[in-house]
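To start, the structure under review is shown below, and the notes come after it.
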Ligand SMILES: Cc1ncc(COP(=O)(O)O)c(C=O)c1O
Ligand SMILES: N[C@@H](CCCC[NH3+])C(=O)O
């Protein structure tokens, strides 16, 4: 929960300025109660038997994963590294679904050893590899297939995943063959079906379109004697960054009930990432310098695209406000970082309160795909992460040091 009181930004019961003073900037600050609220909101709406598998790629800090694990969540992972994180965070590995088009044999082995809930298989060759690794381990691999339903999610092209031009999933025209093939394999146990059409959907109707197609496939499979215990409907629920309309959760839940009414016994798996965490995080950065080039204002802050890449990568909008509002006059400026790239910006031609050196600014909606997409570009140490729970402030990842930058390197 982030809010202004007497022109000062708070996170839960704490002043953001005080936290920034203690932990320095640039800094990620998370609100535990926001995470819990979002989880419960979704959990309560879905009336069928279900499991919420938090998509760790959105925010894989151990304390964040642990927050959801304590509420009963599972995890959607895309690498063995994320399985490792989930384990370290105390999440039950039997609640993990493993997505991704390029799982390596080592990752498949690691997942099997950790008894995950299921692999979401994305190609025929991956199916063969999983059968092979499971055979070597003398295990049975629980699987579902990710179907590419060819549905337009009407979102940013970089985060659309369910169109036939995208690399994801197995085409709906081949999916039945995939199940037939899997049903012949000795070390494969067919559990479910999965789809994920894209991210940041605020209109939920494309989900329904995909669900209808998937239910159709399920009926076809049933006629072949293949019954599925799990329907994994992916993630993709959007959030408000600027002035979007929040997704209608009642409608979302109704669509699920309607589309899959012929399969009342199957468990619904959801894979939300952004919805659970985006607005539970801010990125706080400090004004280093200001300058004007031929009438154009630049505000140079100590955070950069290596810390939060969404504006540079997707031209994504993030609300930016001073941590302490001083009723200053408004100016129009580019808010940029210190990295040697013209693409290193958080906002361009943005109207913002006139700022002074050392003023703190908050970049909102940074809890999803913020820290997880950070890099060390320009040999910048990754920022610290702090989790706030009412009046308790906990450093949940220390700021990197120079030694962290060269760990593992030799001359
Ligand atoms: C397979 C899969 N599941 C879940 C997610 C989480 O998406 P979101 O953060 O939009 O909920 C993604 C990312 O888009 C994904 O690729
Ligand atoms: N990284 C993207 C979301 C990608 C979703 C991954 N399947 C973002 O920041 O919006």
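Each value in this text was obtained by applying a stated rule to the coordinates, not by laboratory testing. On a predicted model such as this, the values are computed, not experimentally measured, just so you know. So basically every Cβ, Gly included, is an ideal-geometry build from the backbone, and we count neighbours across all protein chains shown.
Of all residues in the range 164-190, how many are within 16 Å of ligand 2 (Cβ to nearest atom) and either in contact (Cβ under 8 Å) with a residue 24 or more places away in the chain or crowded, with 21+ Cβ neighbours inside 10 Å (or both)? Spell out the reasoning first.
Start the filter on the range 164-190 by keeping residues that are within 16 Å of ligand 2 (Cβ to nearest atom), which leaves 165-169.
Filter once more, keeping what is either in contact (Cβ under 8 Å) with a residue 24 or more places away in the chain or crowded, with 21+ Cβ neighbours inside 10 Å (or both): 167-169.
Number satisfying all stated conditions: 3.
Is it the case that residue 198 is surrounded by 15 or more Cβ atoms within 10 Å (Cβ to Cβ) and more than 16 Å from ligand 2 (Cβ to nearest atom)?
Values: surrounded by 15 or more Cβ atoms within 10 Å (Cβ to Cβ): yes; more than 16 Å from ligand 2 (Cβ to nearest atom): no.
When the stated conditions are applied, residue 198 does not pass them.
Considering the range 241-256 alone, what residues qualify as being without any contact (Cβ under 8 Å) to a residue 60 or more places away in the chain, closer than 30 Å to residue 308 by Cα and either buried (at least 20 other Cβ atoms within 10 Å of the Cβ) or within 16 Å of ligand 2 (Cβ to nearest atom) (or both)? Before the answer, list the steps.
Pass one, the range 241-256, residues without any contact (Cβ under 8 Å) to a residue 60 or more places away in the chain: 243-248, 251, 254-255.
Still in the list and also closer than 30 Å to residue 308 by Cα: 243-248.
244, 247 - these are the residues of the range 241-256 that are without any contact (Cβ under 8 Å) to a residue 60 or more places away in the chain, closer than 30 Å to residue 308 by Cα and either buried (at least 20 other Cβ atoms within 10 Å of the Cβ) or within 16 Å of ligand 2 (Cβ to nearest atom) (or both).
Show me the strands (runs of 3 or more DSSP E) found entirely inside the range 257-362 where at least 2 residues are within 16 Å of ligand 2 (Cβ to nearest atom) and within 24 Å of residue 18 (Cα to Cα).
Working: elements: 267-270, 281-293, 296-301, 320-322, 330-336, 345-353.
By residue number, 281-293.
Which of the following residues is crowded, with 22+ Cβ neighbours inside 10 Å and more than 16 Å from the chain's Cα centre (by Cα): 299, 331?
Details: 331 fails: crowded, with 22+ Cβ neighbours inside 10 Å.
Checking each option against the conditions leaves just 299.
In the range 67-79, what residues are crowded, with 19+ Cβ neighbours inside 10 Å and part of a helix (DSSP H, G or I)?
67, 68, 69
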